[in-house]
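Before I ask anything, here is the structure I am working with.
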Amino acid sequence: MTVPDTLVPARAARLPEKSMARRELANPATIDADGDGPETEAGLMARLGRLWERDRFPDEASLRPLFGPRLTDVAANRLAHAWCGAYAAAEGKARRAMLGLLAAASAAQESPDEANGRLFRRFNNQPDGLRFLVALRADMLRWRKQVAGLQPLDRALEGLLSAWFDVGLLDLRRLTWDSPASLLEKLIVYEAVHEIQSWDDLKHRVAQDRRCYAFFHPQMPDIPLIFVEVAFAPQMADNVQALLDPHLPPQNLDKARWAIFYSISNTQPGLRGISFGNFLLKRVIDQLLEELPKLKSFATLSPIPGLADWLGRLSSDEVEAIVRERTRERSRRGVPDGQRWLARLRRAAAGAAQNEVVQRAGMRLAAAYLQIMKSGAPLDPVARFHLGNGARIERINWAADRSAKGLAQSAGLMVNYLYELDALDDNLGRLNAGKPAVSRAIARMG
């Protein structure tokens, strides 16, 4: 299971189609681009377009009306419409240059924070403005190191998007095989944890004995902002291959006692830093308890995405301090370092060898990694999400994900985070004190 905002690639976030943007700009309208006189919108677009072809742009002064204090300013709003349409129609290099000018115009304002807020409210008032702003912020995040002055703009836009995407405004919907095909296709595109291999695979994940829930915004009803996939079992799951096997017979939900959250995907890179994943899980748990009152326990089956990188940087002494295995190899060649241990774990998890010493070492290394804190939060992004929601680290699972991705990121190891509803606040207290909540089995590995 992954974490919104940190692990999801920007695969599906796109600005409005170019053809759509051009259609919206087809009708000329009066616009006062610089505040000095009228100019048709089509004329402005043509003038800007000629400059873009030569990789040149108007100076930032032409954009200053966008930051004006009167949101009812017709000329400024038409300029905003033209700018948004032009941005949607532009390619990457031109977009970066447009953002650079926008940042320069922002910096020239007497009160940039207030002015930036007015700018984005003006953009939001355009047709499909909220969708445009989400995609715009994805570009801003992608190019923040390449375009000077984007940080104040990003800060202002993030604050507005946080308000506009308040969880109280979102709709929770269950997705099933009967959902529109266009929506089901988006699940395939946006799935960020366990790739959906086929339509049969997708059908299995949204079957009657499974659940898939998503949050939607009323202004973006065709885009799942974040979705979670749930399986049911008589016990806590320990292997994702078995969990995802499309040939499994349907589960009898009357006998289900465990709900297993095995994938959660945040679909919009432009909403990074705006977390509603924890609200999604809580809403889903409430929904499941209402529908399936015999459920007793809630847990995840989650990846450990940072384990391999962390282990690969450890020295032999650091590995030895965790593993505590005394072998002949130490006297002959020294204790293996993290890179060599990582290779061992991958071979063993892939089935090339059955070695209890290696398996035990892998479990200890994973348990140690998951409890590392940095700047007051767990180092691992998935652990940060679930422990920050009040879960506890319950169990490490050996060879639980033998896919290429699973072996690459964590040598096939996975973890169960347990959500005990009565213990969530206590677990959060422990985390805030710098000591993540763990089960007895995990504590014994220390």
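So, of the residues in segment 271-284 that are open to solvent by 10 Å² or more (accessible area, probe 1.4 Å) and part of a helix (DSSP H, G or I), which turns out to be modelled with the lowest pLDDT?
Selected residue: N278.
Kindly provide the set of residues from segment 408-423 that are open to solvent by less than 30 Å² (accessible area, probe 1.4 Å) and either within 24 Å of the chain's Cα centre (by Cα) or under 26 Å from V358 (Cβ atoms) (or both), ordered by number.
Matches in segment 408-423: S410, A411, G412, L413, M414, V415, N416, Y417, L418, Y419.
Follow-up question, since we're still on this one. Conditions first: (1) under 27 Å from G273 (Cβ atoms); (2) in contact with a strand residue (DSSP E or B) (Cβ under 7 Å, 6 or more places away or on another chain); (3) without any contact (Cβ under 8 Å) to a residue 60 or more places away in the chain; (4) not β-branched (V, I, T). G376 passes all but one, so which condition is the exception?
(2)
When the residues of segment 181-204 are filtered to those that are part of a helix (DSSP H, G or I) and open to solvent by 80 Å² or more (accessible area, probe 1.4 Å), which remaining residue is nearest to G277 (Cα to Cα)?
E185
Also: Check W164, W177 and return the single one that is of a type in the set (A, V, I, L, M, F, W, C), farther than 27 Å from H81 by Cα, in contact with a Leu (Cβ under 9 Å, 6 or more places away or on another chain) and open to solvent by 20 Å² or more (accessible area, probe 1.4 Å).
Of W164, W177, the one residue that is of a type in the set (A, V, I, L, M, F, W, C), farther than 27 Å from H81 by Cα, in contact with a Leu (Cβ under 9 Å, 6 or more places away or on another chain) and open to solvent by 20 Å² or more (accessible area, probe 1.4 Å) is W177.
In addition: Only one of these conditions is not met by R395: (1) within 14 Å of T300 (Cα to Cα); (2) open to solvent by less than 50 Å² (accessible area, probe 1.4 Å). Which number is it?
Going through (1) within 14 Å of T300 (Cα to Cα); (2) open to solvent by less than 50 Å² (accessible area, probe 1.4 Å) one by one, R395 breaks only (2).
Run R392 past the list (1) out of contact with any strand residue (DSSP E or B) (no Cβ under 8 Å at 6 or more places or on another chain); (2) under 27 Å from A437 (Cβ atoms); (3) of a type in the set (K, R) and report the number of the one that doesn't hold.
(1)
I need a count of the residues in segment 257-270 that are crowded, with 20+ Cβ neighbours inside 10 Å and not in a strand (DSSP E or B).
So the answer is 4.
One residue is enough: does segment 215-224 have a residue meeting the conditions within 23 Å of P303 (Cβ to Cβ) and either hydrophobic (A, V, I, L, M, F, W, C) or not assigned by the TED database to the domain that holds M363 (or both)?
Among the residues of segment 215-224, at least one is within 23 Å of P303 (Cβ to Cβ) and either hydrophobic (A, V, I, L, M, F, W, C) or not assigned by the TED database to the domain that holds M363 (or both), which makes the answer yes.
Within the set of pairs 6+ apart or on separate chains, which have a first residue in segment 148-160 that is open to solvent by 40 Å² or more (accessible area, probe 1.4 Å), a second that is in a helix (DSSP H, G or I) and among the polar types (S, T, N, Q), and C-beta atoms under 9 Å apart?
Matching pairs, first to second residue: G149/S106; P152/S106; P152/N116; R155/N116.
Here is a further query. Looking at D178 and the list (1) more than 30 Å from V230 (Cα to Cα); (2) free of Cβ contacts under 8 Å to residues at least 24 places away in the same chain; (3) not in a helix (DSSP H, G or I), which single condition is not satisfied?
(1)
Quick grid of which residues meet (1) of a type outside the set (A, V, I, L, M, F, W, C); (2) open to solvent by 20 Å² or more (accessible area, probe 1.4 Å); (3) in a helix (DSSP H, G or I); (4) at pLDDT below 95:
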| site | (1), (2), (3), (4) |
| --- | --- |
| R70 | yes, yes, no, yes |
| A75 | no, yes, yes, yes |
| F120 | no, no, yes, no |
| L136 | no, no, yes, no |
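Among residues belonging to segment 241-256 that are under 17 Å from E229 (Cα atoms) and assigned to a helix (DSSP H, G or I), point out the one that is most open to solvent (accessible area, probe 1.4 Å).
So the residue we want is Q241.
If I ask for residues that are basic (K, R) and without any contact (Cβ under 8 Å) to a residue 60 or more places away in the chain, which ones from segment 379-413 would you list?
Within segment 379-413, R392 is the sole residue that qualifies.
I'd like the full set of residues that are of a type outside the set (A, V, I, L, M, F, W, C) and touching a residue at least 60 places away in the same chain (Cβ under 8 Å), limited to segment 102-138.
P127, D128, R131, R137
Next up: Would it be correct to say that D222 is more than 27 Å from A90 (Cβ to Cβ) and open to solvent by 40 Å² or more (accessible area, probe 1.4 Å)?
The answer is no for D222.
The values are calculated or read from the model by the stated rules, or taken from the named source; none is laboratory data. All values derive from a computational prediction rather than experimental measurement. Quick reminder, even Gly has a Cβ in these numbers, built from the backbone with ideal geometry, and neighbours come from all protein chains shown. Note: areas computed on protein heavy atoms with side chains; ligands, DNA, RNA excluded. Shrake-Rupley method; radii C 1.70, N 1.55, O 1.52, S 1.80 Å.
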